[in-house]
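*Asks:* Okay, handing you the structure first.
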Amino acid sequence: MTTDTSLKDAIDQQTHRGFLAWLISRQIFWILLAVIIAIIAMMLLTKTFATPQNLFNVTRNFAFVGIVGLGMTAVIITGGIDLSVGATVLISAMTTTIIMHAGLPITLAIPASIAASLLVGLINGVLIAIVGMPAFVVTLGMMSIARSIGMVMSNNALIYEFGPDQAILFSIGGGSVVVGGLPIPNPLIVMVLLALITGFALRWTRWGRHLYAIGGNEKAAVLTGVPVKAVKISVYMFVAFCAGLTGFLQTGWLGSVTTGFGTGLELTVIAATVIGGASLAGGTGTALGAVVGAALIEIIRNSLTLLGISTFWQGTFVGSFIILAVASNLLRNKDTGE
Amino acid sequence: MAVLELANIAKHYGAITALTDISLTLNAGEVVGLVGDNGAGKTTLVKIIAGNFHPSEGSISLDGQVVQLHGPKDARSKGIEIVYQDLALADNLTAAANIFLGRELTTIARTPQEAELPFWQRKRGWRLFMPEILDYRGMYKKAGELFAELKSETRPRDLVRRMSGGQRQAVAIARTRLSNPKIVLMDEPTAAISVRQVAEVLNLIRRLKEQGIAVVLISHRIPDVFAVCDRLVVLRRGRKVADKRVADSSPEEVTGLITGALQSA
Amino acid sequence: MLDSRDQEAPARPFLKLSAVRKTYPGVVALAGFDMLVGPGEVIGLVGENGAGKSTLMKILGGVTAPDSGTIEIDGAPYAGLSVGGSMKAGIAFVHQELNLFDNLDVAANVYIGREPRRGGVLNLVDEKQMRADVLPYLKRLGANFAPNTPVAKLSLAQQQMVEIAKALSVNARLVILDEPTSSLPLAETDKLLEVIAGLKAEGIAVIFISHRLHEIERASDRVLVLRDGVLVGELAKAEIDHDRMVKLMIGRDLKVAYAAPKLGKGEVVLAARGIRTAAYPTRDVGLELHAGEILGLAGLVGSGRTELARVLFGVDPLYAGTVTLNGEPVTLRNASDAVERGIFLVPEDRKGEGILLDLPISENISLPDLDAYARSGLVVPALERVQAEQSRAELGIKAPTVTTRTGSLSGGNQQKVVLAKWLAMQPKVLIFDEPTRGIDVGAKAEIYRLMRGLADAGVAVLMISSDMEEVIGVSDRIAVMHEGRISGLLGRAEFSEENVLRLAVGKPLRQAG
Amino acid sequence: MNKKDLGLLALIVVVGFVVYLRNPAFLGPQNLANTANLIGLFGLFAIGQGFVIITGGIELSAGSMIALLGVLFVDLVGAKGVPWPIAFAIVMVLGLALGLAHGLLITKLKMQPFVVTLCGLLIYRGVARGYTADATAGFPFGSEYPGLDFFVARIGGIPVSVYVLAVVAVIAWFTLHRSVFGRYLFAIGKNEEAARFSGIRTDVVVTSAYVICAGLTALAAIFFAMYTRSVQPSSQGNFYELYAIAAAVLGGFSLRGGEGSIVGVILGTILLQELQNLVNLLGIPSSLNFAVMGGVILIGVLVDQQWGVFRARRRIAEAASVREERIVSSE
């Protein structure tokens, strides 16, 4: 009957746009394209880029930014921001270090470092969601506090001895799994798993849906019974968890911890998520975006090294790239009248 | 039997009295217009019905049973739904996502009723072992049915950002239908939309009425109240000054009652 | 003084727009708009959202420039105004969402953008001067707050006064009030209308935009109605009334000329008795439809008219009651039962239910009766096209070819395609549900003509319509529905808007005399 | 001065007094002059930050800008032998140009200030390090630059930077609180759309705010370069933007825009420096430095917010009592 078919049509109706049109309207598509072009260019320009060793390094380095970027994306989707992730990485690393340096087993260090990070996230979340302070101010304050607590914990010294489980620690953070003859660094595996989980959660769970709702219209979310406070706290704890994971893995990779650990990471991570298409106004962002954004940043860094340009220029390139990406996105959307 | 019965409701804030001795009954399938000037107590009364405020005196009965409403969530679980004036929609989500906001269908919560329960109260059984995943198909389907029921042209997959005022109203109203409410409170649904969209919204209200839902319509627009309501209640300075069938009243009389030119009717 | 009294029209319009046009990608916001505003005139401007009001306001406010057309203010031509230019020319705005800065005080808000300055390198603001300047304006408006009150502490109505004081302070010659009453409580609206009268008395022109038509009615000297970027109506003071405005706004402005039936009332073709529909399962509804007449079916939306039509067409189940066609009872289990017997429906939702937008005209017409176009089971497109050509000529369907995609036609021509498909099958009963909704003025008249032509050919026509003018103008009899039953039948002598309305809301007719 | 500023001032006095009791060196001339100098340096670009925050924007690149411009200044004077007034002019012009670029990206391309200035942060630091190959820029050993000492001189025992700050603050106060331009800044921060409809050229005003901010930052950069004598491109000015934002937030600026005062931002700067000083003088491990700062920011905003909530409640109560009077009088 006519009514039934029209109802079915209405339900099945997709936005009337071709796949290609949809694709080129996505910032992430262009960024992915840039990544691929950069990789091809590097393979042609240098002999060193495509070597397993270099790729191993690149993927491992970007995994750290990617892991935190996944958490940051979730925060940014809600319209928030977390400036304290770098300091949280330090807290996690310091906790790991101190526990293992004291000769305690790694099975204690892992949960302890994650717990310490979660605590930072919990405090952030409570101050933002329950007390109602602006995220920028809270996490800015927390960044100072957490970093300085990290410094106090280490007593400002370089620690490079990790007790009896040192080998396990190093093999987790710095090791790799050989797949088909290619060594895949462990952090990359963690990142891929986490990206899959995050992507899944954002798209398929209530929690993910609630993040987008809060970023889109927080008041509406409150009025429709979304547990806004709980979700907000959980999201700051999630990003802190990601930071904690990174702190632990990075400790294992570097084999030593200094107080400068994770300095400036928050900005790199925010840069990665913004490149990946998340808007600081909230309501948009994807897990894939965070990973691709992080990859691009690392490839820029690596390319500069291989091309013999000082890596100090990295910030310049990354910054310019963000401006380019965001500006072109804005201009593109202006054309389509959105 | 009356769906909702308010008996001698009063609300004081300290020494200040916002509402005095309000009694009101609401029957199934009845549309009651609640009118009054700003500050007359409409908002307070609605917030009491919605469970935001506790009345200082008096009682609220639902289906003949005296109840205490502990907050909006409790009111909602007892069958009272509210359409807020600003509609409370998330622009970046689809119509279906907005309808199910806060009670998404998942592999575990298969029906809107189940989705409203806290997760530990949901029936699980063997489903416990499944991951809880959003049921997009189910939500689109149910949303489509709701729109069809309301005879609205809104499509479940459209982003709210791209919708007209009338369609947004349809989304907000469809949301209330999800839980088979007995009472829907609508706060100024026609305040900021065009003439044609007003007609659409009034039709939506009529659909609710047809389905036996009692509607409380708060509005400044007297013509709308007369177009759709069966009965109207006029508040002035926290008191009920009139409660009569629309057929027995006139816009002039109501305006007089609101402004105080007429004392009571 | 003396000669100004003699003149009919204001000597020189303050504002004159001619042929102003503005398009945005894909949308014509204003399509050649003309307007004259005399000094001291209060003009009501109404129109639906999207009618072009806001574009017009943006042009007058200098926010956007028109694509073409001229603006004259006090005789001086402008190609496009700038924000500052519009202000200098004496145009002031009071916006719907009050554009006040609640972190500043009243005087600062009134003078924002053009503060009196003490000069110097830093260009300091002369606060004292500013506050002194604001005071007389506040007094004129009867405001009871001081110029240095923070705006955050004012009520909505008081804030509105600040906005109007701002308009006065620029020595505005034209004040544009954009939905000023939408957030005001009822009692304070009167105050605003007084202020408007005051402005008028001082020779300041006012353009008053509102959806609250009663206020427009009270305040305006003249009303302009915008629709789809075109001025669709202009009402002088005496002509302003609520219904006229609504009709102009939503586009039912056609004066229908009643054409008397040629045949006179014929036999009863269709009789429905004791029908119960899903919408009103407890109410009986019945009506009789004669050959050669147009029976108007009026009533409020939701009164059960469409449901009745759908039952008669067989698409909705019949819960109770009987339908007889030419005296014989018929069972209508589905639409094809109805179609077989010559009962056709032109549905309200034309695009969804009436036609298939993606098919060519010819295939839409042949669809219900494909056997007639088939030879040994195969549809012969040539036969379809022959019929379609014939229909196109008969009904005046404006389309390049009969194989044109139906969706690309205008609303009126789509409706003709729906009609054509039924006319090709010798209808006995034709039911129209809101036949002219969303159809432009010219095409409407043609559809009315076709309906009358059908009736004259002996077809029984049932027309559901919410458009009062249409019902009264086209029908030979009117049946009015109210909450699922026929609340009254009117003969031509009894036709009036009041009678139809009374029946539609369930009140008895007033006794004549 | 409003109540908020008075509260801040009281806090500064109380903290100062407590520190003095624990360590009298706090009020010694050497310590005072040193702290005053730092207040002067930080105050300069904190005021600039204030101009940006009042429009509802943010400037994250101040620290990197201080490094880049500092490096350039030292390099021009020390290595390239450019006379210092010319180098000064070049650096100032460059700073203003960077501010202009930020302003234009924000107003013309409608990019978020956070994104634009975050990129500025990355870019300028990168350029500074790349340009010097991460080597510290300094003056040749033993070289003398007559006139340059002006930047680090003391007049009557008070560092020049304090005088400069005083002059800048007075001008800024008049600009923000008494001038037409300042009025527009407040208006835009509250409601940009409405400001545009009031005939304010919001693009120009917002861009000017970023130019002013960058200009003051450039001035501060030169002072910092002269203060440290050599500029380490990787660390000079690190996190200084956060100091400035913290000072502004403490001084009553709202990050949403439209609120704030010059007196407030200066008091905020003073309080932050005083706390830094406190950490040093009281023998608190310097690693806790950041913790003290972060804690102060958090507590400051928390108190301010709770105060706001309290005031809002009181206002509702007042409004209610007025209404009650009306009801009583009408009956």
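*Asks:* I'd like the residue in segment A:124-144 that is touching a residue at least 12 places away in the same chain (Cβ under 8 Å) and of a type in the set (Val, Ile, Thr) and, out of all such residues, is nearest to the other protein chains (Cβ to nearest Cβ).
*Replies:* Checked segment A:124-144; the qualifying residue nearest to the other protein chains (Cβ to nearest Cβ) is A:Val138.
*Asks:* Does any residue of segment C:279-299 turn out to be assigned by TED's automatic domain parsing to the domain that holds C:Arg449, hydrophobic (A, V, I, L, M, F, W, C), surrounded by fewer than 16 Cβ atoms within 10 Å (Cβ to Cβ) and within 18 Å of C:Glu483 (Cα to Cα)?
*Replies:* No.
*Asks:* Would you confirm whether or not segment D:89-98 contains a residue that is within 14 Å of chain A (Cβ to nearest Cβ) and either modelled with pLDDT under 85 or not in a strand (DSSP E or B) (or both)?
*Replies:* yes
*Asks:* Which pairs have Cβ atoms under 7 Å, sit 6 or more apart or on different chains, and link a residue in segment D:97-109 that is open to solvent by less than 30 Å² (accessible area, probe 1.4 Å) to one that is not in a helix (DSSP H, G or I)?
*Replies:* D:Ile106/D:Gly57
*Asks:* Restricting attention to segment C:89-121, and to residues there that are farther than 21 Å from D:Val205 by Cα and of a type outside the set (A, V, I, L, M), which single residue is most open to solvent (accessible area, probe 1.4 Å)?
*Replies:* Step by step, filter segment C:89-121, then rank; the result is C:Glu97.
*Asks:* Checking D:Gly264 against (1) at pLDDT 80 or above; (2) not in a helix (DSSP H, G or I), only one condition comes out false. Which one?
*Replies:* Unmet condition: (2).
*Asks:* Could you tell me whether segment C:419-435 includes any residue that is open to solvent by 20 Å² or more (accessible area, probe 1.4 Å), more than 24 Å from the chain's Cα centre (by Cα) and farther than 19 Å from C:Ala309 by Cβ?
*Replies:* There is at least one residue in segment C:419-435 that is open to solvent by 20 Å² or more (accessible area, probe 1.4 Å), more than 24 Å from the chain's Cα centre (by Cα) and farther than 19 Å from C:Ala309 by Cβ.
*Asks:* Among the residues in segment D:284-291, are any of a type in the set (A, V, I, L, M, F, W, C), more than 9 Å from chain A (Cβ to nearest Cβ) and under 11 Å from D:Ala246 (Cα atoms)?
*Replies:* Checking segment D:284-291: not a single residue is of a type in the set (A, V, I, L, M, F, W, C), more than 9 Å from chain A (Cβ to nearest Cβ) and under 11 Å from D:Ala246 (Cα atoms).
*Asks:* Then there is this: Of the residues that make up segment C:302-310, is at least one buried (at least 22 other Cβ atoms within 10 Å of the Cβ), under 30 Å from C:Thr403 (Cβ atoms), in the same structural domain as C:Met451 (by TED's automatic domain parsing) and not β-branched (Val, Ile, Thr)?
*Replies:* For segment C:302-310, residues buried (at least 22 other Cβ atoms within 10 Å of the Cβ), under 30 Å from C:Thr403 (Cβ atoms), in the same structural domain as C:Met451 (by TED's automatic domain parsing) and not β-branched (Val, Ile, Thr): absent.
*Asks:* Here's something else I'd like to know. Here are some conditions: (1) surrounded by fewer than 18 Cβ atoms within 10 Å (Cβ to Cβ); (2) under 17 Å from the mean Cα position of the chain (by Cα). A:Asn186 meets all but one. Which one does it not meet?
*Replies:* (1)
*Asks:* Give all pairs with beta carbons closer than 8 Å in which a residue from segment A:300-328 that is more than 7 Å from chain D (Cβ to nearest Cβ) meets a residue that is surrounded by fewer than 19 Cβ atoms within 10 Å (Cβ to Cβ) and not in a helix (DSSP H, G or I); count only pairs at least 6 apart in sequence or on separate chains.
*Replies:* A:Leu304/A:Ser310; A:Leu306/A:Thr46; A:Leu306/A:Thr48; A:Leu307/A:Thr46
*Asks:* Where the second residue is aromatic (Phe, Trp, Tyr) and open to solvent by 10 Å² or more (accessible area, probe 1.4 Å) and the first is outside the structural domain of C:Ala504 (by TED's automatic domain parsing) and lies in segment C:461-477, which pairs have Cβ atoms under 8 Å and are six or more apart or on separate chains?
*Replies:* none
*Asks:* Test of understanding: among A:Leu202, A:Leu194, A:Leu158, which residue is more than 30 Å from D:Leu255 (Cβ to Cβ) and surrounded by 15 or more Cβ atoms within 10 Å (Cβ to Cβ)?
*Replies:* Testing whether each residue is more than 30 Å from D:Leu255 (Cβ to Cβ) and surrounded by 15 or more Cβ atoms within 10 Å (Cβ to Cβ) leaves just A:Leu194.
*Asks:* Among the candidates C:Leu383, C:Leu357, C:Leu378, C:Leu367, which residue alone is open to solvent by 20 Å² or more (accessible area, probe 1.4 Å), at pLDDT 80 or above and more than 30 Å from C:Glu267 (Cα to Cα)?
*Replies:* After applying the criteria, what remains is C:Leu383.
*Asks:* When residues of segment B:57-84 are filtered for being part of a loop (DSSP other than H, G, I, E, B) and within 11 Å of chain A (Cβ to nearest Cβ), how many remain?
*Replies:* 1
*Asks:* Name the one entry in B:Gly33, B:Gly64 that is more than 29 Å from A:Val228 (Cα to Cα) and open to solvent by 50 Å² or more (accessible area, probe 1.4 Å).
*Replies:* Residue meeting the stated conditions: B:Gly64.
*Asks:* Can you say whether C:Val386 is in contact with a Leu (Cβ under 7 Å, 6 or more places away or on another chain) and more than 24 Å from C:Phe432 (Cβ to Cβ), as far as the supplied structure shows?
*Replies:* no
*Asks:* For segment C:203-222, which positions are more than 14 Å from chain B (Cβ to nearest Cβ) and in contact with a helix residue (DSSP H, G or I) (Cβ under 9 Å, 6 or more places away or on another chain)?
*Replies:* C:Ile204, C:Ala205, C:Val206, C:Ile207, C:Phe208, C:Ala219, C:Ser220, C:Asp221, C:Arg222
*Asks:* In segment D:72-81, is there at least one residue being more than 12 Å from chain A (Cβ to nearest Cβ), among the hydrophobic types (A, V, I, L, M, F, W, C), in contact with a helix residue (DSSP H, G or I) (Cβ under 7 Å, 6 or more places away or on another chain) and within 26 Å of D:Gly264 (Cα to Cα)?
*Replies:* So far as segment D:72-81 goes, no, none of its residues is more than 12 Å from chain A (Cβ to nearest Cβ), among the hydrophobic types (A, V, I, L, M, F, W, C), in contact with a helix residue (DSSP H, G or I) (Cβ under 7 Å, 6 or more places away or on another chain) and within 26 Å of D:Gly264 (Cα to Cα).
*Asks:* Condition first: part of a strand (DSSP E or B) and closer than 22 Å to C:Arg492 by Cβ. Can you find one or more residues in segment C:298-311 that meet it?
*Replies:* Yes, segment C:298-311 has at least one match.
*Asks:* Okay, moving on. Looking only at segment B:167-180, decide whether some residue is touching a Pro at 6+ places or on another chain (Cβ under 8 Å), at negative phi, more than 10 Å from chain A (Cβ to nearest Cβ) and assigned to a loop (DSSP other than H, G, I, E, B).
*Replies:* yes
*Asks:* Where in segment D:141-201 are the helices (runs of 4 or more DSSP H), entirely inside, with at least 2 residues that are under 30 Å from D:Gly81 (Cα atoms) and touching a Ser or Thr at 6+ places or on another chain (Cβ under 7 Å)?
*Replies:* In segment D:141-201, no matching helices (runs of 4 or more DSSP H) lie anywhere.
*Asks:* Kindly establish whether A:Thr246 is surrounded by fewer than 24 Cβ atoms within 10 Å (Cβ to Cβ), away from chain B (no Cβ under 14 Å) and among the hydroxyl-bearing types (Ser, Thr, Tyr).
*Replies:* The answer is no for A:Thr246.
*Asks:* Condition first: of a type in the set (Ser, Thr, Tyr), more than 14 Å from chain B (Cβ to nearest Cβ) and under 25 Å from the mean Cα position of the chain (by Cα). Now tell me which residues in segment C:39-65 satisfy that.
*Replies:* Residue satisfying the conditions is C:Thr55 alone.
*Asks:* So which of C:Ser86, C:Ser155, C:Ser68 ends up being within 14 Å of chain D (Cβ to nearest Cβ), open to solvent by 30 Å² or more (accessible area, probe 1.4 Å) and among the hydroxyl-bearing types (Ser, Thr, Tyr)?
*Replies:* C:Ser155
The values are calculated or read from the model by the stated rules, or taken from the named source; none is laboratory data. All values derive from a computational prediction rather than experimental measurement. Quick reminder, even Gly has a Cβ in these numbers, built from the backbone with ideal geometry, and neighbours come from all protein chains shown. The protein model used for the area step is the full one, side chains on, heavy atoms only, and it has no ligands, DNA or RNA in it. Shrake-Rupley method; radii C 1.70, N 1.55, O 1.52, S 1.80 Å.
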